[in-house]
1. Tell me what chain B gives for mean residue ellipticity at 222 nm when only DSSP H runs of n ≥ 4 count, each as -39,500 (n - 2.57), the sum divided by the residue total, rounded to 500 deg cm²/dmol.
2. I'd like to know which of B:Ile83, B:Val55, B:Ser148 lies farthest towards the positive end of the charge dipole of the stretch B:47-176, counting +1 on Cβ of Lys and Arg and -1 on Cβ of Asp and Glu.
3. Amide H to amide H, which residues 5 or more places from B:Gly183 or on other chains are under 5 Å from it, using H placed in the peptide plane?
4. Quick check on the stretch A:3-268: of the DSSP beta bridges with both residues there, what percent are antiparallel, nearest 5%?
5. Taking 0.36 nm per residue of separation and subtracting the Cα-Cα distance, what length does fully extending A:Asp229 through A:Lys195 add?
6. Only Lys, Arg, Asp and Glu count, each charged at its Cβ (+1, +1, -1, -1), so figure out the dipole size of the stretch A:159-269 about its Cα centre, rounded to 20 debye.
7. Given a Förster radius of 45 Å and the C-beta distance between A:Arg35 and B:Lys2 as r, what FRET efficiency does 1/(1 + (r/R0)^6) yield to the nearest 0.05?
8. Count neighbours as other Cβ atoms within 10 Å of each site's Cβ, and list the trypsin sites (Lys or Arg not before Pro) in the stretch A:151-247 that are DSSP loop with at most 10 such neighbours.
Number of protein chains: 2
Amino acid sequence: MKFFEKLEEMQKKNNSLVCVGLDIDLAKTPEIIKREDDPVFFFNKAIIDATKDLVGCYKPQMAFYEAIGLDGLESLKKIVDYIHTLNIPVIIDAKRNDIGNTAAAYAKAMFENFGFDAMTVNPYMGGDSVTPFLEYQDKGIFVLARTSNPGGADFQSLDCEGMPLYQRVVEKVKEWNANKNAGLVVGATVPDELKTVREMVPDMTFLIPGIGAQGGGVESTIKNGVRKDSFGAVINSSRGIIFASNGEDFAEAARKATIELRDEINKYR
Amino acid sequence: MKFFEKLEEMQKKNNSLVCVGLDIDLAKTPEIIKREDDPVFFFNKAIIDATKDLVGCYKPQMAFYEAIGLDGLESLKKIVDYIHTLNIPVIIDAKRNDIGNTAAAYAKAMFENFGFDAMTVNPYMGGDSVTPFLEYQDKGIFVLARTSNPGGADFQSLDCEGMPLYQRVVEKVKEWNANKNAGLVVGATVPDELKTVREMVPDMTFLIPGIGAQGGGVESTIKNGVRKDSFGAVINSSRGIIFASNGEDFAEAARKATIELRDEINKYR
């Protein structure tokens, strides 16, 4: 099954656009997980078990697993395998990008070795740095268009021959998207840009970070970001869910935070 | 010692601007390495031993090690440790980029866990996605300005409010470079752009890919790319050196190709 179909199936089943960002940070996780053999897997599994009926997908952030070291990457492989037993899609937030043959190596690493269903891709190097990922027809990619961070404006908002850079990226992704397996990353912190991109590509799926800790509002995100059918959006929350409590009740607190976010999102859909 | 000093010291000692790109690809390596316990380490060590007196630095490409899997990353850690016993700096070509706290996690992974001396960074997400790398004062980064691939022109050459995007990146990197530990990536395949960037930042060090297999010429690269003192450039060659032969003489052939490139570069300096 193609990634976007698999994603939408789970979003419909769980009636949820929420994506839980599995951004492990051992400085913020509860003390009690440290007595486990594999605290990274234990923590994530507990979060997943507490939220699996409330999400459309999960999104681990590769940087945090790389920061732990090779052990972190081994735990990540166990995590993606575990999520797949639940039939829930996994997006890896890796923001990879390189020239053609090297991009193909990254695609192999993410889609074949780890088995992720989709990944984020940086567009700076242009067409031949993005298309190798799109050749995996059953996988998906989300190309960075307008990111949620303060520095996102440094280049992405520059007027490039009559149109901001992020809109140039949107235009190019439309061209490259022959297999219909590309989506876009647009931040919840920039509602006007989100609205513009939705108008440019009414049918595309967006990965939307920036809700919660980064300051993006749910109402404006849903009104500006979803498709007409109220799908086509993956609303990510990481810290607000997985670190909702750093006590023994961390999984229960994550469940509660996920329910609140899901319900708030659904109120505006 | 700071990265750029360490780099220049080795470039002077070996009278060479050559960087050997350690882009492992087990489909192209000689059959004879496959009987080794760790063929990835064996192959790279043989190349390194054959070229260590001829280079300024080495540059493994992360994608190719990730494509092998976790074993590939374990071999890569052994490779960087081995190169450090020779006192030669190692640039990891990883092109990482993400928002502030996530960029910091990538910096930890590359600079602390692996111990690389420098890395390549993608600028698309702007200031807060680049500065966490620059906080490691003894490490270096090379920010992508104008890349060597055909798609490099898709966005990097767009006129952004009076100046192509790649020049906007150069201007911003100058601003962010308070610790004087940033360089730029500019491709050998775009000699005019290389000349322009050199005029914009006469003192900065460039990582220059695209010689050889990608079609960049040595003469134009040196004339346009080096600083006035004939340093300030890292000239990378990967496939042209490490796959110069796929027979038993692969290391000897790599040495010969490195000598030829070093000498051709020095002819024009």
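Coordinate-derived values only; no laboratory data. Computed from a prediction, not measured in an experiment: that's the story for all the values here. All Cβ positions, glycine included, derive from the backbone under ideal geometry; neighbour counts span all protein chains shown.
1. My calculation for chain B gives -13000 deg cm²/dmol from helical runs alone.
2. Ranked along the dipole, the leading option is B:Val55.
3. Residues meeting the criterion, in which the H sits 1.01 Å from N, are B:Ile141, B:Phe142, B:Val143.
4. The answer is about 5 percent antiparallel.
5. Full-extension gain reported as 10.7 nm.
6. I would put it at about 280 debye.
7. With a Förster radius of 45 Å, E is 0.60.
8. A:Lys228
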